[in-house]
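This report refers to the structure that appears directly beneath it.
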């Protein structure tokens with residue numbers, strides 16, 4: 001077998017890209033749960049490094065003291081944000097629980113009213129369509145009647161799953177916090193240790209790839225931020241038109257949920273529309289359905305273009321990379337594959353011409 005160095009350039013490139021993709025797949029599939037807290041800690045320590053250096057040089061803070069102070073501030077800020085969100089969610093859930101008995105008591109009346117309205121629409125339809133429409137309505141109503149039990153079952157399962165994973169989650173957070181402090185306390189030494197086994201040229205390439213990767217990740221986060229702002233703008237306008245009292249908070253929460261590819265805005269807007277329909281508020285139900293369709297369409301068209309534009313890919317390659325990443329590795333793959341693709345392209349583009 002011919003040595004790799006004797007292969008054509010395109011064959012070597014395909015081999016290296018294939019090995020990289022395989023390694024990334026293994027990382028995301030099996031090693032990510034182990035590596036993730038330390039990767040997050042490394043990223044946080046890198047973000048803290050300018051502030052740690054400032055405290056060290058300007059105020060003569062020992063590096064360990066500066067790292068400890070900044071880690072403490074970050075943890076305090078995150079805990080305050082989590083406490084605020086949980087408090088708000090608890091108040092909303094508590095209000096829903098208080099309204100639940102009256103809502104349940106109104107269900108038979110709401111169901112009868114909705115059934116009567118649908119029957120009038122069916123009778124107004126052409127005779128040839130009445131039986132088909134009646135069967136469709138019966139199927140929809142049976143499905144809707146099963147929603148409360150399904151929601152209760154889902155909530156029960158979610159609470160049980162959360163309780164089962166709580167020790168792991170606490171350990172995960174503790175590992176991030178402790179690792180952030182330890183890495184930040186000796187960031188220059190750790191950076192030198194990681195690069196020490198490599199030669200000078202290899203170190204330069206690693207640093208170049210790291211710089212390009214950080215730049216690409218920053219642009220990807222910027223694209224996601226723009227998408228969230230677009231979604232939030234659509235939601236706040238739509239909810240204000242629908243005269244929702246908590247339009248601002250509702251739009252913010254749904255925009256945050258919509259940023260998660262597996263969930264999306266539908267997990268909030270569709271049940272909300274169904275409840276509005278059952279309560280007889282046809283205007284709000286139709287408005288929420290239209291709002292959901294608008295959010296999905298705008299995001300579907302804007303996401304590949306924005307992500308591709310920010311990280312230097314066309315809309316089609318960006319969409320293909322996100323789709324392949326989601327199919328192969330789930331949500332982390334949607335983030336990693338576009339970044340990997342642009343990094344490979346940047347490394348390949350920066351290679352000397354005599355190597356290509």
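Among what's in the range 314-328 and is closer than 10 Å to residue 304 by Cα and at pLDDT 70 or above, pick the residue that is surrounded by the most Cβ atoms within 10 Å (Cβ to Cβ).
321
Applying the criterion of being buried (at least 18 other Cβ atoms within 10 Å of the Cβ) and without any contact (Cβ under 8 Å) to a residue 60 or more places away in the chain to the residues of the range 233-252, the residue that is nearest to residue 286 (Cα to Cα) is 242.
Residue check: residue 4 meets all listed conditions (1) touching a helix residue (DSSP H, G or I) at 6+ places or on another chain (Cβ under 8 Å); (2) more than 28 Å from residue 341 (Cα to Cα); (3) modelled with pLDDT under 80 but one, namely (2). Within the range 253-280, if we keep just the residues that are closer than 14 Å to residue 294 by Cβ and at pLDDT below 85, the residue that is surrounded by the most Cβ atoms within 10 Å (Cβ to Cβ) turns out to be 258.
The values are calculated or read from the model by the stated rules, or taken from the named source; none is laboratory data. These numbers come from a predicted model, not from an experiment. Counting neighbours? That spans all protein chains shown, and the Cβs are built from the backbone with ideal geometry, glycine included.
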